[in-house]
Amino acid sequence: MADPQPSVDAQERTPLGLAERGFRGRIAVIDAGAETIGASSAETERRLLELGFVEGATVEILHEGPLGRDPIAVRVNNCTIALRRREAMAILVS
Amino acid sequence: MTAAAAPMTWRFALVGTPNSGKTALFNALTCSRQKVANYPGVTVERKAGLLHTVSGYHITLVDLPGTYSLRGRSPDEEITRDVVLGKVASENAPDLLLCVADATNLRIALRLVIELKRVGWPMLLVLNMIDIARRRGIDINIEKLSAELGVPVVTSTAVRRGGTEELLSRIDELATSAAGKSVASTWASPSVSDLRAAQREADRVIKSAVSEPKRPDTVTGRIDGVLLHPVAGLLILLCLLFVMFQAVFAWAKPLMDLIAAGFEWLGVLVHDTLPEGLLQSFVQNGVISGVGSVLVFLPQILILFLFILLLEDLGYMARAAFLMDRIMGGAGLHGRAFIPLLSSFACAIPGIMATRVIDNKRDRLTTILVAPLMTCSARIPVYTLIISAFIPEREVWGFIGLQGLVMFGLYAAGIFGALGVSFLAKHFVLRDDATPPFMLEMPDYKLPQLRSIALGLYTRAMMFLQRAGTTIFSMMVLIWFLASFPRLPAGAEGPAIDYSLAAMIGKWLEPLTAPIGFNWQINVALIPGMAAREVAVASLGTVYAIEGGKEAAEQIGQALAGKWSLATALALLAWYVFAPQCASTLAVIKRETGSWSWMFATFGYMLVLAYVAALITYQVAVALGAG
């Protein structure tokens, strides 16, 4: 109760890249951070933003690829985007 | 004074996110025939067309590749950036940006609009596909949207007749008043925080001007539930490809028979009308046998394109890329490479050009290197000819045509060859640790427009006929000449063709091609095949027609069945899966990679593969008793 709000949030945040099919949530943070993702982290972040992955947007995992459940098809507000789980790790959802 | 009399000319550029319908709009406005499809990345070059407004203005409309921002991440996006910013040295900057947005999917489009505003040119926002948006119950307050964005807004339905009238009258008005309204550009490559701010602004505008339906459209989601199912989805994709190749055989047969009969009749007519001699031989053997044997394949090529166009317009291609991403990734290819590679089934040239949507240089290069291994439509005539001559027409397991099965196998050989080569290239030649991201918008399914499909088929048919009329025809003249001269020496025995230049060239190559079972007639046919693969069929037609003499009207397939062993036929099929043919493909590789060495590398590796494949096929077949 006395806990500051952000730390509660932080506990609930999970990367979208680990979520399963059917997951629904809201984007808390886009942070490509120090993840060793193929393209530079700033570039990955820019691309995600360009496709509408922005803080506050609602996301839902609609479909999973046939091999290793990768890539995933994500509904972002009203648009469906396919992306690999590796890049989806940069999207923290709650 | 003269300026008032002369029509004013302007330059308007069509800009928008991928798959927003720019090309459909361009076609509707300019009555042009560009290729339109329901997947991102169809337009990879800029194209210009003329538009005449009711007030007599001449507007050059430039259709640009779709882009999510002006950052220019890949070669096609660089084109858009340079044209929009007016950086192309040879042409003027656009006077107005026609910013096209898919009315059913405004979020991403409006963020781009906000970025484009900073460039400073006058703008008009076109809400395309407004009919679909209305049907789904998406309510857009146009005045409010325009006021919030500070950009005039107009709606359109590019694929419907009359769907662009409002847009045309607005263009006319803007042409009257557009001059001198641009302001200085404040555009700079957007940073992460710029993009974030722009998307928030776009979301705010949408919240105030657009109301989404209470019950969202679920058709696409339900279809995807099946088509993207991990097991069913892959099976459906395989079945689709399989049905496609079966159809290429089964549906085309009656039409092909008809065309073949027509040319046969024409040949006999010429034979009977013209006096015996050089002219008769030229028209009958050179022109009619040669060109006819290629034109017969028009129905098959159109059926293949019908499937590809339908799948594109439906919006299936992005799904195929989704299903194939990991499978292709295992072979070192990018998921986005699937679309260029699938286009290569029609022809490697548009396929290689479509690789411009791949932003990573190494991924793009790998895709270019293997694109020619995809079985292009020019190989169909060769495959069909040999298959129908050597593979019995019977059913396997009761329902699958054996001929279609062999055809499917040849396509599969090309695909697995490409996967193998890309795997080797990725791991040994073009090593790169960083795998670029795969992110792709999945468009909603749309019913294909009959007009767009018909237009696409018409364009392909004309391209094929034009090739038959120019490249193929001139090669046929050359082949006829080589096969007819020098004439039979006085007192010599045997068919005259044995003394011709063609026989000399073919026999000169025989030591090289004997291990793979090719006779001199095949050797001769391979050379003009460099100009266009299907010429090989026509060349065989001419060579055997001249050699056959009186039975020239006999169908070439039957002639081959009597003259080649099964091993030779199979070896030629194997050769054709890999052979580096068609000079235009090599020229496009040179242009797109900007280097001669990559072109020669492609030529070299394919030649080696083709020879090895033919060698193994021939030797194994002979060992099994098919020699």
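Read-outs: derived from the displayed coordinates by stated rules, not from any lab. Owing to the predicted nature of the structure, the values given are computational and were not obtained by experimental measurement. Counting neighbours? That spans all protein chains shown, and the Cβs are built from the backbone with ideal geometry, glycine included.
Only beta bridges with both residues in the protein assembly as shown are counted; by DSSP, about 60 percent of them are antiparallel.
Given the pairs B:361/B:446; B:426/B:446; B:253/B:563; B:22/B:87; B:87/B:426, which are separated by over 28 angstrom at their Cα positions? Checking Cα-Cα distances, B:361/B:446; B:426/B:446; B:87/B:426 exceed 28 Å. On a per residue basis, the convex hull of the C-alpha atoms belonging to the protein assembly as shown measures out at 196 Å³.
Tally Lys and Arg at +1 and Asp and Glu at -1 over the other residues with C-beta under 11 Å from the C-beta of residue B:336: what net charge comes out? Present the calculation step by step, with values, prior to reporting the outcome.
Values: positive: B:356, B:364; negative: B:325, B:359, B:363.
That works out to -1.
Taking Rh as the Kirkwood radius computed over C-alpha pairs, what is the Stokes-Einstein D of the stretch A:22-93 at 10 °C in a medium of viscosity 1.306 mPa s, expressed in µm² per second? Don't skip to the end; give the middle numbers.
Working: Rh = 12.2 Å.
Stokes-Einstein gives a translational diffusion coefficient of 131 µm²/s.
Karplus-based coupling profile of the stretch B:236-241, in residue order and whole Hz: 5, 4, 4, 4, 4, 4, with θ = phi - 60° in 6.51 cos²θ - 1.76 cosθ + 1.60 and x standing for Gly or Pro.
Dividing the convex hull volume of the alpha-carbon atoms in the stretch B:197-300 by its residue count gives 246 Å³ per residue. Add +1 for every Lys or Arg and -1 for every Asp or Glu among the other residues with Cβ under 14 Å from the Cβ of residue B:502, and state the total. Once all neighbours under 14 Å are counted, the net charge is -1.
Which longest uninterrupted range of chain B lacks any chymotrypsin sites (Phe, Trp or Tyr not before Pro) assigned by DSSP to a loop state (not H, G, I, E or B) and surrounded by at most 14 other Cβ atoms within 10 Å? Please report the intermediate quantities before stating the final value.
On the way: sites that count: B:397, B:399.
The reported range is B:1-396.
Fraction of C-alpha pairs exceeding 18 angstrom in the stretch B:56-213: 60 percent, rounded to a whole number. Comparing A:68, A:42, A:28 along the charge dipole axis of the stretch A:22-93, the residue lying farthest to the positive side is A:68, per the Cβ-charge model. Amide H contacts of residue B:96: B:11, B:13, each under 5 Å away and 5 or more positions distant or on a separate chain (H built 1.01 Å from N in the peptide plane; Pro and chain starts excluded). Scattering from the stretch B:316-411 was approximated by placing one identical point on each alpha carbon and applying the Debye formula without solvent; log10 I(q)/I(0) at 0.11, 0.18, 0.19, 0.25 1/Å stands at -0.41, -0.84, -0.89, -1.16.
Suppose R0 equals 22 Å; then what is the FRET efficiency for residue B:465 and residue B:276 from their Cβ-Cβ distance, rounded to the nearest 0.05? Let's see the in-between values first.
Working: r = 31 Å, r/R0 = 1.40.
Working from the Cβ atoms, E equals 0.10.
Obtain the nm distance between the two label points defined at residue B:212 and residue B:258 by a simple spin-label model: each point lies 7 Å from its Cα along the Cα-to-C-beta direction. For residue B:212 paired with residue B:258, the spin-label model returns 5.1 nm.
Taking the Cα centre of the stretch A:22-93 as origin and charging only Cβ (+1 Lys, Arg; -1 Asp, Glu), how large is the dipole, in debye to the nearest 20? List each step's numbers first, then the result.
Numbers: 9 positive and 10 negative charges, 44 e Å.
So the magnitude is around 220 debye.
In percent, rounded to a whole number, the relative contact order of the stretch A:22-93 is 39, using alpha-carbon pairs under 8 Å and six or more apart.
In the calculated pair-distance distribution of chain B, the portion above 50 angstrom amounts to 20 percent of the Cα-Cα pairs. For residue B:177 and residue B:89, the FRET efficiency from 1/(1 + (r/R0)^6), where r spans their Cβ atoms and R0 equals 35 Å, is about 0.75. Antiparallel DSSP bridges in chain B: what percent, to the nearest 5? Looking only at bridges with both residues in chain B, the antiparallel portion is about 35 percent.
Give, in nm to one decimal, the length gained when the segment between residue A:69 and residue A:26 is fully stretched (0.36 nm per residue of separation minus the Cα-Cα distance).
Details: separation 43, 0.36 × 43 = 15.48 nm, distance 2.13 nm.
Extra length available between residue A:69 and residue A:26 comes to 13.3 nm.
Pairs of Cα atoms in the stretch B:498-627 fall into 5 Å distance bins, from 0 up to the last occupied one, in shares of 2, 11, 17, 21, 20, 14, 9, 5, 2, 0, 0 percent.
Kindly provide the trypsin sites (Lys or Arg not before Pro) of the stretch B:354-438 that DSSP labels as loop, not H, G, I, E or B, and whose Cβ sees at most 11 other Cβ atoms within 10 Å.
B:394, B:431
Restricting attention to the stretch B:137-218, which trypsin sites (Lys or Arg not before Pro) occupy a DSSP loop and are surrounded by at most 11 other Cβ atoms within 10 Å?
Details: sites: B:144, B:160, B:161, B:170, B:181, B:196, B:200, B:204, B:207, B:214; in loops: B:160, B:161, B:181, B:214.
Passing sites in the stretch B:137-218 are B:161, B:214.
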